[in-house]
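Data first, discussion second: the structure below is written as structure tokens.
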Amino acid sequence: MWIEDSLLRTWREVDVSRKVVGECLYADCIIECCLLLGKIYHQRLRQTTGFVKSVLRMMGHKDYAVPDYSTLCRRQACLPVEVSRVLAGRKKIDIAIDSTGLKVYGEGEWKVRKHGASKRRTWRKLHIGIDVATQEIVCVELTTNGEDDAAVAGRMLKGKTHQLNSFRGDGGYDDFAFRKILGDEVTQIIPPPTDAVVDEGTKKKPLEAYLKQRNQAVEYIKSHNRKEWKIQAGYHKRSLNEVVMFRYKRNFTANMSAKKIENQKTEAALKCKILNLYSRQGMPIAYKAA
């Protein structure tokens, strides 16, 4: 295990004896380090505190103060987590967004299908945006189960569409308001519904530029078929998002550890950050030679 020297220097400056009531004694990087270690080894907060203490002791830093479980729980609710810096860079990417369910508490899917759901069954929706070329998670959002996919994706990408070459999403993202956020400069690879018609606009309300791509998709599907449109548009690359969701649930299961929505948002972001670290360390980089 390797911990950056800059983090250890920040940790060394923590002095528990000089704590002031209401003051954040530990820097955000220390709290994030502890929570990341806890998520990697699937530990509860009390276990994480003891684990970090033993790691520091083996490193020769037994005098370093370690945040207790209540401090980790309280700071987790407001901890800023940077999952990726891709959307803050200059390189344009092809993005795909999809959502999946994470259980907070309640029965599993078999019991619900067999006997029905109880009143205390609660779950969240995890919205993940990935770079199609690298499968890196570039944005993530955790919401309640009643949130609309297109509305959430609009919040995730608002002000960042200049970094996008194309967007891929299922039919749930065929929303006019969301298409307006993407604009006409982003290639919108979103399948329209089966009963969609070409929007020709009127004299009072001419056709918006961001709807022209939707009209083209509708016309192509009517003249050919939906399968042909998906192939020529490259829609099937959206399935890479399912691969990322599989990796998420394979590594961390589909259950949430935290009980409050604020803590759950940080928990999901930390897990996605860990997946990005895993992929950068172990995923081979492939290039098309011919």
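Quick notes on this one:
- Each residue, residue 25 and residue 285, gets one label point 7 Å from its Cα in the Cβ direction; the gap between the two is 4.3 nm.
- Measuring only protein heavy atoms, the 1.4 Å probe finds residue 160 accessible over about 80 Å².
- Violating pairs (Cα-Cα greater than 19 angstrom) within the set 39/160; 103/125; 160/260; 39/249: 39/160; 160/260
- Per residue, the solvent-accessible area of the chain (1.4 Å probe, heavy atoms of protein chains only, all protein chains present) comes to 59 Å².
- With respect to the chain, whose longest principal axis is taken over its alpha-carbon atoms, helix 212-223 is tilted by about 60°.
- Residues with amide H under 5 Å from that of residue 98, placed H, sequence gap 5 or more: 128
- Label-point separation, residue 73 to residue 212 (7 Å along Cα→Cβ), nm: 5.7
- The slack between residue 46 and residue 250, meaning 0.36 nm per residue of separation minus the straight C-alpha distance, is 71.1 nm.
- Square roots of five times the Cα gyration tensor eigenvalues for the stretch 129-190, Å: 17, 15, 11
- When exposed loop sites are taken as chymotrypsin sites (Phe, Trp or Tyr not before Pro) in a DSSP loop with at most 14 other Cβ atoms within 10 Å, the longest stretch of the chain clear of them is 42-286.
- Within the full protein context, the accessible area of residue 44 is estimated at about 150 Å² for a probe radius of 1.4 Å.
- Farthest positive-ward along the chain dipole, Cα basis, beta-carbon charges - from 29, 163, 133: 29
- Here the chain is assigned +1 on the Cβ of each Lys and Arg and -1 on the Cβ of each Asp and Glu. Its dipole about the Cα centre then comes out at about 700 debye.
- The C-alpha atoms of the chain define a longest principal axis, and helix 261-282 lies at about 80 degrees to it.
- Fluctuation leader among 259, 271, 92 - the chain, Gaussian network, Cα springs under 10 angstrom: 259
- Exposed loop sites are taken as GluC sites (Glu not before Pro) in a DSSP loop (any state but H, G, I, E or B) with at most 10 other beta carbon atoms within 10 Å; the longest stretch of the chain without one runs 83-199.
- Considering only 169, 60, 50, the mean-square fluctuation computed in a Gaussian network model of the chain, springs between alpha carbons under 10 angstrom, is largest for 60.
- For the stretch 150-290, relative contact order (Cα pairs under 8 Å, six or more residues apart, normalised by length) works out to 16 percent.
- Accessible area in the full protein assembly, largest first, 1.4 Å probe, for 63, 149: 63, 149
- Over the chain, relative contact order from alpha-carbon pairs under 8 Å, at least 6 apart, %: 20
- Taking every Cα-Cα distance in the chain and sorting them into 5 Å bins from zero, the calculated P(r) comes out as 1, 5, 10, 13, 14, 13, 12, 10, 8, 5, 4, 2, 1, 1, 0, 0 percent.
- Length released on extending from residue 195 to residue 219, taking residue separation times 0.36 nm less the Cα-Cα span: 7.4 nm
- For the stretch 170-239, the Cα-based Rg and Dmax, in that order, read 12.1, 40 Å.
- With a simple spin-label model that places each label point 7 Å from the Cα along the Cα-to-Cβ direction, the separation between residue 202 and residue 14 comes to 6.3 nm.
- Each Lys and Arg Cβ is given +1 and each Asp and Glu Cβ -1; about its Cα centre, the stretch 176-258 then shows a dipole of about 240 debye.
- Within the accessible surface of the chain, defined with a 1.4 Å probe on protein heavy atoms only, the carbon and sulfur portion equals 51 percent.
- Subtracting the Cα-Cα distance of residue 122 and residue 63 from their residue separation scaled by 0.36 nm leaves 17.0 nm.
- Cβ-derived FRET efficiency at R0 25 Å, residue 37 paired with residue 239, nearest 0.05: 0.20
- Taking Cα centre as origin and charging only the Cβ of basic (Lys, Arg, +1) and acidic (Asp, Glu, -1) residues, the dipole magnitude of the stretch 118-220 rounds to 520 debye.
- Summing Lys and Arg as +1 and Asp and Glu as -1 over all other residues whose Cβ lies under 14 Å from the Cβ of residue 277 gives a net charge of +2.
- Heavy-atom accessible area ranking, 1.4 Å probe, most first, across 272, 73: 73, 272
The values are calculated or read from the model by the stated rules, or taken from the named source; none is laboratory data. No experiment lies behind these values; they were computed from the predicted model shown. We place every Cβ from the backbone using ideal geometry, glycine too, and count neighbours over all the protein chains shown. Side chains included, ligands, DNA and RNA excluded: accessible areas come from the protein's heavy atoms. Shrake-Rupley method; radii C 1.70, N 1.55, O 1.52, S 1.80 Å.
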